[in-house]
Amino acid sequence: MMEKVSAVPESPLVLDEYASRIRTDVDANLLRQEQLRGELRKLEEEHTVLLKLQETLATGAEAIASMRVGSGEAGVLPKPRRAERDVARRRVGKGRGGKGHRSGEASLIETVNGLLQAQVEPRSVAEILGEVVAVRPATIQTVRNTLDRLVATSKAERTKQGRSVFYNAVGAAAETQPAPAVDAQ
């Protein structure tokens, strides 16, 4: 009692349905292949662009490195044009009443005034310069000009002893001088 099994369906409707499904699957497969080919082309184009960028960056970095490391004319970076240098100087604010300091850093006037306030006895310009240079770069002439500004604004006093000039803060001068003796009569 064995039943006969057939590999071919008996109904023509079933064959038509299979054929229709296969046609749909083939069309979907072709459509998906075309989409993937398009994506592959895009990826290959992106790859080409990235390789060109990588090559450009590598040659640019080599050129910059050769300018820095190289010797002679080839190793020197070009000087900025005069107009660019002038703009850079104006940005720094050099020579504008202490406005040339870096952000977050006290101005020279504030620094010198703070040093004078911290000292009890009068100080010479050289002594003040030694303390200022420990905090920030400065020249003796700059410190002198700053001290003159502090004297002009009554924040510091100048005293002369022979050929030497000494400076101290206004409040510190009164504290260092002994109070005159008052007669008890």
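The values are calculated or read from the model by the stated rules, or taken from the named source; none is laboratory data. Since the structure is predicted, the reported quantities are computational estimates derived from the model, not experimental observations. Here Cβ is always computed from backbone atoms with ideal geometry, including for glycine, and neighbour counts include all displayed protein chains. Ligands, DNA and RNA are stripped out before the accessible areas are found, and what is left, the full protein with its side chains, is counted by its heavy atoms. Shrake-Rupley method; radii C 1.70, N 1.55, O 1.52, S 1.80 Å.
A quick yes/no check of all residues on (1) among the aliphatic types (A, V, I, L, M); (2) without any contact (Cβ under 8 Å) to a residue 24 or more places away in the chain; (3) assigned to a helix (DSSP H, G or I); (4) open to solvent by 80 Å² or more (accessible area, probe 1.4 Å):
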| site | (1), (2), (3), (4) |
| --- | --- |
| V26 | yes, yes, yes, no |
| E34 | no, yes, yes, yes |
| R37 | no, yes, yes, yes |
| L43 | yes, yes, yes, yes |
| T48 | no, yes, yes, no |
| K52 | no, yes, yes, yes |
| A58 | yes, yes, yes, no |
| E62 | no, yes, yes, yes |
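State all residues of the range 112-144 that are touching a helix residue (DSSP H, G or I) at 6+ places or on another chain (Cβ under 9 Å) and polar (S, T, N, Q); if no residue qualifies, say none.
Within the range 112-144, N113, Q117, Q119, T139, T142 meet the criteria.
Which pairs have Cβ atoms under 6 Å, sit 6 or more apart or on different chains, and link a residue in the range 154-168 that is under 11 Å from I128 (Cβ atoms) to one that is acidic (D, E) and open to solvent by 50 Å² or more (accessible area, probe 1.4 Å)?
Every condition considered, the pairs that remain are N168/E157.
Is there any pair linking a residue in the range 119-131 that is more than 16 Å from V170 (Cα to Cα) to one that is part of a strand (DSSP E or B) and of a type in the set (K, R), with Cβ under 9 Å and at least six apart or on different chains, and which?
E131/R123
Report, by residue number, each residue of the range 108-118 that is surrounded by fewer than 17 Cβ atoms within 10 Å (Cβ to Cβ) and either touching a strand residue (DSSP E or B) at 6+ places or on another chain (Cβ under 7 Å) or not in a helix (DSSP H, G or I) (or both).
Of everything in the range 108-118, just one residue is surrounded by fewer than 17 Cβ atoms within 10 Å (Cβ to Cβ) and either touching a strand residue (DSSP E or B) at 6+ places or on another chain (Cβ under 7 Å) or not in a helix (DSSP H, G or I) (or both), namely Q117.
Limited to the range 131-168, what total is found for residues that are open to solvent by less than 40 Å² (accessible area, probe 1.4 Å), touching a Phe, Trp or Tyr at 6+ places or on another chain (Cβ under 9 Å) and outside any helix (DSSP H, G or I)?
1
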